[in-house]
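Heads up: the structure comes next, in structure tokens.
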Amino acid sequence: MSLTVDVPGFGRLTLPWGVGISASDVISLAQSRLPGHWHGNKLLSSGQHQLGTNEIITQQTAVRGMVLANYSEISAEEACYIVHTAERGISLEQLQRLVRFVSVMADRWFETYGAHAGSRLRLSTFNLYHANHWIIKPATQGYHEQNGCSLVEVMSLDPRAQKPRWFVSHAWIDPRSMLRFWFDFFVFWQKRLAYGEPVSEFLACLEQHARVREMPGSTTYWVCAYANNQHRVEDDIMCNPRSTSFYRAMQMCEGVLLVLDSAGTPFQRIWCCFEQSIAIEHREDGWSRHRLLLDVGATDMQGKAHVLTDGLAGVETRMIGIVGLFRKSVRERPFPAALLA
């Protein structure tokens, strides 16, 4: 009897199956038949189920078939170590690499929760809950003396290049939380197991933001899901929000980019409102030496990203007076203003 393993980028492999064969055996067999050096973690899955390294492959699983995810596609040769969570910004280029990986893998993975559990995922609906389950946790497991690490550390070569330039404030609605009030703080830090805008639309907002402000692909954004070690999120939980890593990250940044989903959820989330208030506080406090800009990004019904900027941006700053203001108003006109109502 044989088993089939779907390896994106290489096709389907037919491997021998025998009683007692484990997931690690299957991965080793697959690697021996494929070219290249696989330096990152690997994940073998069957349907909704992620197979543990030492898990025995049953005959039923062998018949159903499996998918092998190669996280070398998004991982550096060696994970770097960035001590402070606040310094783990993710670059636009790294986010683009991540979404390219999602575009290849999404329809090979499955929904694991809710009414659509068991249905095949798609790039257009692949959100941070899916990313945490299928990418962030498995790609970062076992690093740093088995404590795991952040996705930023797995993707990065040079810690110095990851210091954040912009802070991203965005919301994720957790369908599992029945006690919203008590879980609001906990959910923010712990798992982000929630539904929100697709990662592709999130990236589109950041790409448009960088274009408008004329920033390169190396520009780094602090995004909590990618900055936190999802295996040890409790390490970053603080009673005082001004002692948290996200607050310290904000102090390092030029500004805050508020990314809105189609429901404008960030305006209903305590932590997002706090982040916005910090940006406003810094602009209105005459004694503050660090004025934070506050930009807003969102996608329209067609999935096109638009950005409202705090003042003139990019080419507008080089135009004469009212011309720059007119150019800004034209650029911002298509923004889905209903989200701000």
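Any read-out appearing in this document is the output of simple, stated calculations on the displayed coordinates, not a laboratory observation. Predicted model, so just to flag it, every value in this text is computed and none were measured. Using ideal geometry, Cβ is built from the backbone for each residue, glycine included, and neighbour counts are taken over all protein chains shown.
Numerical summary
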read-out: DSSP H segments from the chain that extend 27 Å or more along their own axis, Cα-based, with Kyte-Doolittle mean of 0.5 or above; value: none
read-out: Bridge type composition, the chain - antiparallel percent by DSSP, nearest 5; value: 65
read-out: Approximate spin-label separation F10-S24, in nm, with each point projected 7 Å along Cα-to-Cβ; value: 1.9
read-out: Region 1-111, relative contact order in percent, only Cα pairs under 8 angstrom and at least six apart counted; value: 28
read-out: Fewest-first ranking of V256, V152, using other Cβ atoms within 10 Å as the exposure measure; value: V256, V152
read-out: Options [x] -0.67, -0.81, -1.08; [y] -0.52, -0.64, -0.89; [z] -0.44, -0.55, -0.81 - which one matches log10 I(q)/I(0) by the Debye sum over Cα atoms at q = 0.09, 0.10, 0.12 Å⁻¹ as calculated here; value: [y]
read-out: Nonlocal amide H pairs with A79, under 5 Å, H built at 1.01 Å; value: none
read-out: Contact order normalised by residue count of the chain, Cα under 8 Å, 6+ apart, percent; value: 16
read-out: Pairwise label distance in nanometres, E332 with T58, each label 7 Å out on the Cα-Cβ vector; value: 5.8
read-out: The chain - charge dipole about Cα centre, Lys and Arg +1 at Cβ, Asp and Glu -1, debye rounded to 20; value: 480
read-out: Largest-first principal axis extents of the Cα set of region 1-51 (Å); value: 29, 22, 18
read-out: Positive-end residue, the chain charge dipole about Cα centroid, Cβ charges, pick of L258, L29, G321; value: G321
read-out: Fewest-first ranking of H133, H39, using other Cβ atoms within 10 Å as the exposure measure; value: H39, H133
read-out: Residue exposure sequence - M215, M319 - by fewest surrounding Cβ within 10 Å; value: M319, M215
read-out: Cut-off 16 Å (backbone N to label point 7 Å along Cα→Cβ of D158), residues of region 53-83; value: 76-78, 80-82
